[in-house]
Amino acid sequence: MTAPKPVADMTSEFAFINRELASLLRMEPVGLTSGADPAFSDDLVICGILGGKDVGKSTLINALAKTEVSVDSADSGKGTERPMVYVHEAMSDAAAARLQAIDRCVPLDVTTHVADPIRHMVLVDLPDFDSEFLDHLHQVQSVAPLLDRVLWVVTPRKIGDRAWVSLLGDVVKDPSNVYCVLNKVDELLSDAEPFSNGANDDAGGSGSRSDGDASAVKADLFWKRQDEWVGRVIERAGCPQTDTHRFLVAAAFPEPEAFVRRIGQLWEDVEWTTYAADLNAVRRIAGLSCDHLDRLRTCSLQSVSAEDRRSIKKVNRDRELEENVARIRRHYDLDRLTERLEQVCDPAYQQQALNEVMGPEYCSAVVASLDVCLRSDTELADELLERRVESWPLLRLVYWPFGWLSRIAGRRIGAATPGNTGGHEDDSGPSQRLFRRAVSVFDVGGSSLAERIEQLRSRILSDHAVAVQRLDMEAELPVTSTLEKRMATAADKLVPHLEGRLLDEIRRGDRKPGILGKTALWLILLWFPFLQPILSGVLEMLADSGTIQLAHGMYRVVSALSAVHLLAGFAVVAGVYVALLAGMYARGLRNIRRVRSREDASSPVAEAVDELIVSEVVVPLATPFERRLERLHVILKRLGIED
């Protein structure tokens, strides 16, 4: 198993593949993300604060730092004009090189601080991406890929905006490094009705509960509803997060009492006289908001080990690679393109297109037109017998001098078989069966071969017009005249090929000579010349005990080995062997007639014609598609899509 490529190599590989596909498909290259690579050059963890205008990013940074490190520039009307970087003075030297790489993309404003709660992270406050200034969005898109962590900041008023949803695809980070923060949670309590309506009823007026317990239940139920609502909204936006990565905070009011005072002002009840019954519930909600703020500070800004820092960057890089693969696939529509190419290279599709254009009975019609060119049944039977005799060494001894006799006898036996339909007779020799013009045998059914080839070519071009156009392939497909010439060249060798295919089909049903068969031939060879006369003499000696009879038996044994008896025995053997050959010949002749009488497309001759058209017409038409498919498979493998 080969080791995985280094990150830099993969980035270069993706860039090369992007250019290659753009050239191959004549398209503009897709924009890829490569910000995760520089993160491996240091041990920093850079956390970006992303959000729209007036979501309170600067306020959130100060709340996390527990001191004022960020000054809100709202007076300018433009909000944060360029990325503001906050670095603890103890880490300023270590951060210099990494920030310099970011500064080359977008100018940065770097501020050092001494706030210990955020000393382990470099915070980057990004411009408002949804402002009227387009350069703000460009800055966010340029810097976001270079971050290690992201805090998405929204508010109850902004959470439904599509602007931050559309930007989500440009911030390619592993979900474990994305934290969704609903700031200004106090706006959910802008008046008493959203809090009191239903919550009081659910809390119940049970007398068995104390006022404190009822308030806690009422507050917890309200908080749960808001948290679930936020979860549903961000999930629909394409950023599903678990409870551990979702936070509801009020950054402007990081202390419970400040939160309570804020709600009193919103409800115009600073002294909490009108809504005194809800005061404990509001305090409970204030505590939950502050708890979420503390948890956010701990989860996203706490110190992490060197191993964890590597893990943070690795999962971001893996997510970036996955996203780049997805972008390449979507942009170049690789899945559909590959599917189309695979279809035209599929033998099932090729056969279907061939059948629909040529017609289901085309091959059988070609076989019928070729029938006059094939050798007669008896000639094919002669060759079949010769092939069979090669497997029987003893029969070869008789076939050489008496093969003509076995063929004559076999023809008579074969012709006399009931129900046997005669094939070609042997009246006309090869010189009288002149082979017609090679391509003319394919001109059946009222259409020429050239017309059918053109129809097939047009069918493939029509079925895969998208792939042909995108890959500029039409010029690579062979023209009709070229394919017709290929068929003419192949047709010159068609007749012997068809004859061989027919004989092979018949021979597949023959059994190989077994031990019993070979033993029987040897027994016949030895029995009549040797064993039978010798055994007869021996039995005669054993039956008669007299001296004269014994002498007569010995004479019989000796005379059995004389030339006359041996020749007579061999003559009997030859007769038996010739009879066997005649039977083989007759059976082969019947099989040939049976196979040739099949007129459907499943006959071996019709299958051979079909295979010839596929190899000489369909395959050349599909070859340009196969080359493109192989090239795409190589690219997909390099992208890691295929093993």
- prompt: Once amide H atoms are built 1.01 Å from N in the peptide plane, which residues 5 or more positions from His113, or in another chain, come under 5 Å H to H?
  reply: Val87, His88, Glu89
message: Need the full-extension length gain, Thr623 to Arg225, defined as separation in residues times 0.36 nm minus the C-alpha distance. One decimal, nm.
response: 137.1 nm
message: Under a crude label model (7 Å from the Cα following the beta-carbon direction), how far is Gln343 from Glu607 in nanometres?
response: 2.9 nm
message: Per residue of segment 344-357, what does 6.51 cos²θ - 1.76 cosθ + 1.60 with θ = phi - 60° give for ³J(HN,Hα)? Whole Hz please, x for Gly and Pro, Karplus curve as stated.
response: 5, 8, 6, x, 5, 5, 4, 5, 5, 4, 5, 5, 5, 7
- line: Of every hundred units of 1.4 Å-probe accessible area on segment 233-285, the number belonging to carbon and sulfur atoms, as a percent, is 47 percent
statement: Nearest-0.05 FRET efficiency for Glu307 and Gln265 at R0 = 60 Å, using Cβ-Cβ distance, is 0.80
- line: Here the net charge surrounding Ile453, from other residues whose Cβ is less than 13 Å away from its Cβ (Lys, Arg +1; Asp, Glu -1), is 0
message: I want to check the label-to-label distance for Arg638 and Asp333. Put each point 7 Å from Cα in the C-beta direction and report it in nm to one decimal.
response: 2.3 nm
message: Taking the full set of protein chains and a 1.4 angstrom probe, give the accessible area of Ile285 in square angstrom, rounded to the nearest 10.
response: 0 Å²
- request: Please give the peptides 362-369, 121-128 ranked by average Cβ packing (other Cβ atoms within 10 Å per residue), highest first, as a rough proxy for protection.
  value: 121-128, 362-369
- line: Phi angles of segment 286-300, converted by Karplus (6.51 cos²θ - 1.76 cosθ + 1.60, θ = phi - 60°) into ³J(HN,Hα) in whole Hz with x for Gly and Pro, give 4, x, 5, 5, 5, 4, 5, 5, 5, 5, 4, 4, 6, 6, 9
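In nm, what is the difference between 0.36 nm times the number of residues separating Gln100 and Ser176 and their Cα-Cα distance?
Length difference between fully extended and current span is 24.7 nm.
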query: What whole-number value in Å² describes the accessible area per residue of segment 18-120 for a 1.4 Å probe?
result: 46 Å²
message: With a 1.4 Å probe and all protein chains left in place, how much accessible area per residue does segment 436-492 have, in Å²?
response: 48 Å²
message: Starting from 0.36 nm per residue, how many nanometres of slack lie between Val614 and Ala571 once their C-alpha separation is accounted for?
response: 10.1 nm
- prompt: If you roll a 1.4 Å probe over the heavy atoms of the protein chains, what accessible area per residue do you get for segment 253-392, in Å²?
  reply: 47 Å²
message: Just to check I understand the Karplus step: with θ = phi - 60° and J = 6.51 cos²θ - 1.76 cosθ + 1.60, what whole-Hz values come out for segment 104-109, glycine and proline as x?
response: 5, 7, 9, x, 10, 10
query: Hey, if you drop one equal point scatterer on each alpha-carbon of segment 602-643 and run the Debye formula without solvent, what base-10 log of I(q)/I(0) do you get at q = 0.27, 0.31, 0.32 Å⁻¹?
result: -0.83, -0.93, -0.95
statement: Taking a ≥ b ≥ c as the square roots of the Cα gyration tensor eigenvalues, with a/c under 1.5 meaning rounded and otherwise prolate when a/b beats b/c or oblate if not, segment 274-333 comes out oblate
message: Taking the Cα centre as origin and putting +1 on Lys and Arg beta-carbons and -1 on Asp and Glu beta-carbons, what dipole magnitude results for segment 223-286, to the nearest 20 debye?
response: 260 debye
- prompt: Carbon and sulfur together cover what percent of the accessible area of segment 320-417 at a 1.4 Å probe radius?
  reply: 56 percent
message: At 7 Å along Cα-to-Cβ for each site, give me the label-to-label distance between Asp116 and Asp93 in nm.
response: 2.2 nm
- request: Return the subset of Lys66/Lys224; Lys53/Lys313; Lys53/Lys158; Lys57/Lys173 for which the Cα-Cα distance in this structure is over 18 Å, preserving the input order.
  value: Lys66/Lys224; Lys53/Lys313; Lys57/Lys173
message: As an exercise, use a Förster radius of 51 Å and the Cβ-Cβ distance of Asp213 and Ser41 to find the FRET efficiency, rounded to the nearest 0.05.
response: 0.40
query: For Lys314 and Leu279, what does the FRET efficiency come to when R0 = 56 Å and r is the distance between their Cβ atoms, rounded to the nearest 0.05?
result: 0.70
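The values are calculated or read from the model by the stated rules, or taken from the named source; none is laboratory data. Just so you know, these numbers come straight off a predicted model, no measurement behind them. Note: ideal-geometry Cβ built from the backbone for every residue, glycine included; neighbour counts use all protein chains shown. Note: areas computed on protein heavy atoms with side chains; ligands, DNA, RNA excluded. Shrake-Rupley method; radii C 1.70, N 1.55, O 1.52, S 1.80 Å.
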